[in-house]
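As structure tokens, the structure follows; a few thoughts come after it.
The values are calculated or read from the model by the stated rules, or taken from the named source; none is laboratory data. Here the structure is a predicted model, which means the values were calculated and not measured. Backbone-built Cβ (ideal geometry, glycine too); neighbour counts: all protein chains shown. With ligands, DNA and RNA removed, areas are computed over all heavy atoms of the protein, side chains included. Shrake-Rupley method; radii C 1.70, N 1.55, O 1.52, S 1.80 Å.
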Amino acid sequence: MGRQKLRRAEVTVQRFFAAFLLFFAAALCQAEIFNSNLSDSEREKLYNGQIVIRFINDAEKICADEGFFPEIDAVVQSIKKTKPNYLAEVLWSVPVQEGDNLTELAQKLFCDMNTFKEIPYYSEAFKKTEPLFTIAELIDTEKAGQYTTSLARFCMDPFAPYKATLSMSKTESSFVFLHTNNERLKVAIVKAVEKNTLKAGVALIQSGDRWFVYGAGGVKAPKPLLFRKSLEKAFNNRIKDFASFYIRKVQEANVLPEGLHPDVPAS
């Protein structure tokens, strides 16, 4: 009887240390990606497969740590260069599934200009859903190994059409997409956004047994006091609808664990 109790005690200790090591490994994984700007509640939602969208409007509040994953670094550094006053982050994490090929799917989605034109955007100003991009077309593309650089033309109402550089890189365990406006964005004849100050990026990385999506969009633009709240709301809704669209595309591809269909938070 004493031996049985001792054996049970040994098993309990082994299970405790196994659980502790798993917790410690998860904590290390979190520490390598996110800093203390990510709240405990946001972290819990992220690791439960829910989408976390952070409307922060300040680069100092970015929750992604630099120096661990070059794909995330590329997104964060690109955004920070603009010193944005409109800024949002999108986070998502899902378990790795055998044969899920998420980087292949990401490249397919972001290389297809027609996909950009399918993104719906709900305009609160006009109380209707309309395309986020009325124009999305490639002008030129160059490929070198895992890297693709394209010149594209976009239009988002109410802005006039503008040109942008799109940069992509893909490996089996990572994908990164970056957007930078090459021209000023104008509303009628008014210059609203200067060249190289409208940035967006998405990084997809495999870390351990999970995929992490880190996305960010930022712009440096006027914030007139009279329209500040409505402009921030419009920017937030664009980020939310963009993220929602692509996450639905991933869900429709049937590469996620069964039952994982997270809701997109309201802006």
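In table form, for the structure just shown:
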read-out: DSSP-assigned coil residues among GluC sites (Glu not before Pro) in segment 47-146, each with at most 12 further Cβ atoms within 10 Å; value: Glu98, Glu124
read-out: Per-pair calculated FRET efficiency, R0 = 41 Å: Thr141 and Lys223 via Cβ, rounded to 0.05; value: 0.70
read-out: Dimensions (Å) - segment 152-202, Cα atoms, principal axes, largest first; value: 45, 16, 13
read-out: Cβ charges +1 (Lys, Arg) and -1 (Asp, Glu), total dipole of segment 59-211, debye; value: 820 debye
read-out: Under 13 Å from the Cα of Lys191 - aspartates and glutamates, other chains or at least 8 residues apart; value: Glu183
read-out: Projected area averaged over orientations for segment 70-149, convex hull of C-alpha atoms, nm²; value: 8.3 nm²
read-out: Fully extended contour minus Cα-Cα distance, from Lys191 to Thr165, at 0.36 nm per residue; value: 7.4 nm
read-out: Order by protection proxy (mean Cβ within 10 Å, highest first), peptides 230-238, 73-81; value: 73-81, 230-238
read-out: Net length gained if the chain between Cys111 and Phe126 were fully extended (0.36 nm per residue, minus Cα distance); value: 2.4 nm
read-out: Chain lengthening between Ser41 and Lys61 when straightened (0.36 nm per residue, less Cα-Cα); value: 5.6 nm
read-out: Hits among aspartates and glutamates - C-alpha to C-alpha of Lys233 under 20 Å, sequence gap 8 or more where chains match; value: Asp58, Glu89, Glu124, Glu130, Asp157, Asp241, Asp263
read-out: Whichever lysines have a C-alpha closer than 17 Å to that of Lys186, once near sequence neighbours (fewer than 8 apart) are set aside; value: Lys163, Lys195, Lys199, Lys220, Lys223
read-out: Accessible area per residue, Å², segment 101-227 with all protein chains present, probe 1.4 Å; value: 52 Å²
read-out: Inter-label distance for Glu183 and Glu118, nm, one decimal - labels placed 7 Å from Cα along Cα-to-Cβ; value: 2.7 nm
